[in-house]
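Written below as structure tokens is the structure these notes are about.
The values are calculated or read from the model by the stated rules, or taken from the named source; none is laboratory data. Note that the structure is a prediction, hence the values are computed from the model and not measured. Quick reminder, even Gly has a Cβ in these numbers, built from the backbone with ideal geometry, and neighbours come from all protein chains shown.
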Amino acid sequence: MNTLTLDALASFPQQLEAHYSLIPQGFQHWAPASWDGVPSEPFTAIEQVCHIRDIEIEGYHLRFERTLNEHHPLLASIDSEPLAKERDYAGQDVAEVFASFRAARLKTMGIIRDLHDAQLNRTAEFEGYGPLTLRSLIHYLCSHDQQHLAGLQWLLGKIEASRSR
């Protein structure tokens, strides 16, 4: 796997925390009147972080393990909005969420860092994405990370626009 992608994945927890720290005090649970144009799921700042943690653990850990251990598995997509309500993302402690995400990303890196070409070329079918390789799945995780950094920046833009009125 290329080092640029692996480095981006490894450094993401710090980037996520840095972006989250830019959210002004009192706006962690704030939602705009419209989510039109949001580059991620329509989640508040705290909900974005909870979502990332859960997708890492229940989505990508399982997807990587199944792709490595099963013959061409069908990998389920996760419906995030009902999960956010069910788990009360708005009521979670962000420090605990970040701690569990950092641990989860360390596990992810342990799974993917030293894979050889035969493992990276293992195939699966990902609901909503179609056929892929394990290498593809790693890139999709990196893309998911970037999508949520963009979502936090988008929220910051909306917050600033609301504060200027």
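Counting only residues that are modelled with pLDDT of 95 or more and exposed (fewer than 10 other Cβ atoms within 10 Å of the Cβ), the stretch 69-85 holds 2 of them. For the stretch 35-58, the set of residues classified as buried (at least 21 other Cβ atoms within 10 Å of the Cβ) and of a type in the set (Gly, Ala, Ser) consists of Ser40, Ala45, listed by residue number. The criterion of at least 1 residues that are among the polar types (S, T, N, Q) and without any contact (Cβ under 8 Å) to a residue 40 or more places away in the chain is met by the following helices (runs of 4 or more DSSP H) wholly inside the stretch 57-165: 62-69, 80-86, 134-163. Say we look at the stretch 1-34 and pick out the residues that are within 25 Å of Arg113 (Cβ to Cβ) and of a type in the set (Ser, Thr, Tyr); which of these is surrounded by the most Cβ atoms within 10 Å (Cβ to Cβ)? Residue satisfying both the conditions and the ranking: Thr5.
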